[in-house]
Amino acid sequence: MRDSSVGGPLLWPADEPWPMCGAEGHYEPLRRPTEVVGPEPVAMVPVVQLYARDVPELPFPAGTDVLQVVWCPLLHDDGVNVVSPRLYWRDERAVGAGALRSDRPEPYAADEDFVPRPCMVTPTRAVEYPNRDLPEGLGEALTDRFDEVERRFGVSYFEAATTIQSKVGGYPGWTQAPDWPMCRCGRRMAHLLSVTATETGPWHGDDDAPAGHGMDMGDLGGVYLFVCTACPDRPFAHRYDC
Ligand SMILES: [Zn+2]
Ligand SMILES: [Zn+2]
């Protein structure tokens, strides 16, 4: 719990209830006799924990240095959202000074596609350029250069300059058309982090290799989290893309 991780144990106060999801109609595919789970709430699962010492670039609200993401391991079929993440920004010292939760409730139903295998993380910084978020017309204007790069070096612009993998910052690896959420303050939210099923391109060996966390996320999908860095309470939104 004192390490950054994907799917690992979280630094969690003993007296704080573990997050549960009681969404009506959330379901587990192939579950019989019914896919729908409930009405008893389902324990959420740890997805990401990042400490400021590993990723100082995260937009930590004042007085916090840990970001935690959990989500419900069932599907939520409201058309776009699929998963239901929650974010927690914490102060390691303040939480660590009190009693810590040593275990967590296991969900009594879960779609394995959305339950990460616990992994340590060793973040690597990379410069990323936009793909589908390129300003309008720029992609076409640069087509000849992209073609030349591909001829000379054997990699496409897409492979060399963008990443589709779990990451902090950069650009969402949109499969569908970009769909940036807006904050209630009127600003476009910033991409906080992505959790994706694949690790492709030069950052990883094989194309479409399964990521270390082992989640298929509904046919090589991804979940992108966004926050407003202007509003102090860091409103967030997410997009599921596949
Ligand atoms: Zn749920
Ligand atoms: Zn805002």
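Restricting the first member to segment 169-191 and to residues that are at pLDDT below 95, and the second to residues that are of a type in the set (A, V, I, L, M, F, W, C), the beta-carbon pairs closer than 6 Å and six or more apart or on different chains are Gly173/Ile164.
Being closer than 30 Å to Pro29 by Cα, touching a residue at least 12 places away in the same chain (Cβ under 8 Å) and within 16 Å of ligand 2 (Cβ to nearest atom) is true of Leu87. Go through the residues of segment 140-148 one by one and say whether even a single one is closer than 30 Å to Ala23 by Cβ and surrounded by 11 or more Cβ atoms within 10 Å (Cβ to Cβ). No, that holds for no residue. Checking each residue in segment 115-132 for being in contact with a strand residue (DSSP E or B) (Cβ under 8 Å, 6 or more places away or on another chain) and surrounded by fewer than 12 Cβ atoms within 10 Å (Cβ to Cβ) picks out only Met120.
The one condition from (1) modelled with pLDDT of 95 or more; (2) over 15 Å from Val227 (Cα atoms) that Glu199 does not meet is (1).
Pairs linking a residue in segment 127-151 that is without any contact (Cβ under 8 Å) to a residue 12 or more places away in the chain and at negative phi to a residue that is among the aliphatic types (A, V, I, L, M) and in a helix (DSSP H, G or I), with Cβ atoms under 8 Å and 6 or more positions apart or on different chains, are Val149/Ala160.
Results for (1) in contact with a His (Cβ under 6 Å, 6 or more places away or on another chain); (2) open to solvent by 30 Å² or more (accessible area, probe 1.4 Å); (3) within 15 Å of ligand 1 (Cβ to nearest atom), shown as yes or no for each residue.
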residue: His76; (1), (2), (3): yes, no, yes
residue: Arg90; (1), (2), (3): no, no, no
residue: Val95; (1), (2), (3): no, no, no
residue: Ala110; (1), (2), (3): no, no, yes
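Listed conditions (1) open to solvent by 10 Å² or more (accessible area, probe 1.4 Å); (2) more than 10 Å from ligand 1 (Cβ to nearest atom); (3) at negative phi are all met by Tyr27, apart from (2).
Here Arg86 clears all of (1) farther than 21 Å from His213 by Cα; (2) open to solvent by 40 Å² or more (accessible area, probe 1.4 Å) except the condition numbered (1).
Just checking, how many residues over segment 155-177 are at negative phi and surrounded by fewer than 18 Cβ atoms within 10 Å (Cβ to Cβ)? So the count comes out to 7.
Matching residues to (1) β-branched (Val, Ile, Thr); (2) touching a Leu at 6+ places or on another chain (Cβ under 6 Å); (3) free of Cβ contacts under 8 Å to residues at least 24 places away in the same chain:
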position	(1), (2), (3)
Gly7	no, no, no
Glu16	no, no, no
Val36	yes, no, yes
Pro39	no, no, yes
Glu92	no, no, no
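Looking across segment 52-74 at every residue that is out of contact with any Gly (no Cβ under 9 Å at 6 or more places or on another chain) and open to solvent by 50 Å² or more (accessible area, probe 1.4 Å), the one that is modelled with the lowest pLDDT is identified as Ala62.
The values are calculated or read from the model by the stated rules, or taken from the named source; none is laboratory data. As the structure is a prediction and not an experimental result, all values here were calculated from the model. Heads up, the Cβs are rebuilt from the backbone with ideal geometry, glycines too, and the neighbour counts pull from every protein chain shown. In case anyone asks, the SASA skips ligands and DNA or RNA and just uses the protein heavy atoms, side chains included. Shrake-Rupley method; radii C 1.70, N 1.55, O 1.52, S 1.80 Å.
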